[in-house]
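Encoded as structure tokens, the structure appears first; notes follow it.
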Amino acid sequence: MRPDGLHHVTCITGDAPRNVDFYTRVLGLRLVKKTVNQDDPTVYHLFYADDLGSAGSDITFFEYPRARRGRAGDGMIHTIAWRVGSDDALDFWEKRLASETEVVERDNAGLAFEDPEGLRHELAAVETSDAPLVAEHPEIPAELALQGFDGVRAYAGEPDASRETIEGVLGFESRGERAWEARGPSRGGSYAYDQPPPERGIPGAGTVHHVAWASTMEDHASWHERVVEAGLHPSPIIDRFWFRSIYFREPSGVLFELATLGPGFTVDEDQEHLGESLVLPPAFEHLRAQIEPVLTPLPDPRPALRR
């Protein structure tokens, strides 16, 4: 068994309206599920992805209103890497982002930028057989759009402590001294370590909460057994309604999730209308009257597409 690349990356925001604007209007992703954090249903869980809500393109955010900005440190993911199709796409994004964020950096490897709360992203022109995962946007031609995740980078002071977990337990393939690829039947995604800064990490707005790797439904129970046998103390298998989840910390401290490739976001919404309404899993529907009044009002994420 090997994970089928990245499933999703979950982050923290202190300002959901600004978050929706940046990830839909600026980056061109689609808000595919507007729901709540199932471990704290008083706050949003927002999912952005391609038009279909595909695993491998899905960046998600918990909103803790007015949360202070955090800082990535040892045992935390510090960068999310995305694929684009060409150097022309990098040129396009360099121009587009220049007026939208204070940090935009171009070098031979690609383009780096930060979202309004300091979450770092990288874009790279990647040659791959993996299907591009693209969202329709009136200002972004499909051939220049984001094509899904390429990987994540984390800080680790002692990366060798995680090698057996990453290679032996999870089956990632080595791509260098501190880099690996999780490649399954349909997709691949990278995981790499960098030396941490001297300052300790501070969870908060603009930081990554966890990274999820994709599993088939058929393999999920076996994954749980394997992680238990490795002594990694995983959570039980948790039914998140749109997918099932197993959580554990790898030895360097990064919170991993193994998430299933189904049932998917269209199990309770028509594909044409994903993300338009607040959707609660059945186990939370009876709380709607208490939940809705405390959530932050959000802008329409796709006004240009409705004209």
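The values are calculated or read from the model by the stated rules, or taken from the named source; none is laboratory data. These numbers come from a predicted model, not from an experiment. Note: ideal-geometry Cβ built from the backbone for every residue, glycine included; neighbour counts use all protein chains shown.
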Fill in: strands (runs of 3 or more DSSP E) completely within the range 6-65 that count 1 or more residues being surrounded by 20 or more Cβ atoms within 10 Å (Cβ to Cβ) and among the polar types (S, T, N, Q)
6-13, 30-37, 58-63
Response to the item:
Flagged pairs (Cβ under 7 angstrom, 6 or more apart or on separate chains; first in the range 84-104, over 23 Å from Ser129 (Cα atoms); second among the charged types (D, E, K, R) and surrounded by fewer than 18 Cβ atoms within 10 Å (Cβ to Cβ)) are Glu94/Arg106; Thr101/Glu114; Val103/Glu114; Val104/Glu94
Discussion item. Against the conditions (1) under 21 Å from the mean Cα position of the chain (by Cα); (2) closer than 23 Å to Asp51 by Cα, where does Pro299 fall short? Just the number, please.
Written reply: (1)
Worksheet item: Are there any pairs with C-beta distances below 7 angstrom linking a residue in the range 246-261 that is touching a residue at least 12 places away in the same chain (Cβ under 8 Å) to a residue that is among the acidic types (Asp, Glu) and assigned to a strand (DSSP E or B), with the two at least 6 apart or on different chains, and if so which?
Response: Ile246/Glu257; Tyr247/Glu257
Response to the item:
Counted residues in the range 272-286 being farther than 18 Å from Trp242 by Cβ and either in a strand (DSSP E or B) or in contact (Cβ under 8 Å) with a residue 40 or more places away in the chain (or both) come to 0
Practice prompt. Among the numbered conditions (1) farther than 26 Å from Ser222 by Cβ; (2) out of contact with any Pro (no Cβ under 8 Å at 6 or more places or on another chain), tell me where Val169 comes up short.
Written response: (1)
Item to complete: Filter the range 287-307 for residues that are at pLDDT 85 or above and assigned to a loop (DSSP other than H, G, I, E, B) and give the result.
Response: Leu295, Thr296, Pro297, Leu298, Pro299, Asp300, Pro301
Worksheet item: Among the residues of the range 129-154, how many are closer than 21 Å to His78 by Cα and without any contact (Cβ under 8 Å) to a residue 12 or more places away in the chain?
Response: 0
Practice prompt. Could you look through the range 181-214, keep only residues that are modelled with pLDDT of 95 or more and of a type in the set (Ser, Thr, Tyr), and pick out the one that is nearest to Leu123 (Cα to Cα)?
Written response: Ser190
Worksheet, complete the sentence: Taking first residues from the range 155-179 that are farther than 24 Å from Asp4 by Cβ and second residues anywhere that are at pLDDT below 95 and β-branched (Val, Ile, Thr), the pairs with Cβ under 9 Å that are 6 or more apart or on different chains are none
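One line per residue, one yes/no per condition, for (1) closer than 19 Å to Phe243 by Cβ; (2) out of contact with any helix residue (DSSP H, G or I) (no Cβ under 9 Å at 6 or more places or on another chain); (3) not β-branched (Val, Ile, Thr):
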position	(1), (2), (3)
Ala49	yes, no, yes
Ala67	no, yes, yes
Thr79	no, yes, no
Glu94	no, yes, yes
Response to the item:
When every residue in the range 206-233 that is among the charged types (D, E, K, R) and surrounded by fewer than 14 Cβ atoms within 10 Å (Cβ to Cβ) is compared, the one farthest from Thr266 (Cα to Cα) is Glu229
Worksheet item: Which of the following residues is free of Cβ contacts under 8 Å to residues at least 24 places away in the same chain, closer than 30 Å to Thr101 by Cα, surrounded by fewer than 20 Cβ atoms within 10 Å (Cβ to Cβ) and not acidic (Asp, Glu): Pro203, Pro198, Pro236?
Response: Pro198
Response to the item:
The condition of being at pLDDT 95 or above, touching a Pro at 6+ places or on another chain (Cβ under 6 Å) and on the phi < 0 side of the Ramachandran plot holds, among Thr24, Thr79, only for Thr24
Discussion item. Quick test of your reading of the structure: Arg120 fulfils all but one of (1) touching a residue at least 24 places away in the same chain (Cβ under 8 Å); (2) closer than 29 Å to Ser252 by Cα; (3) touching a helix residue (DSSP H, G or I) at 6+ places or on another chain (Cβ under 8 Å). Name the failing condition by number.
Written reply: (3)
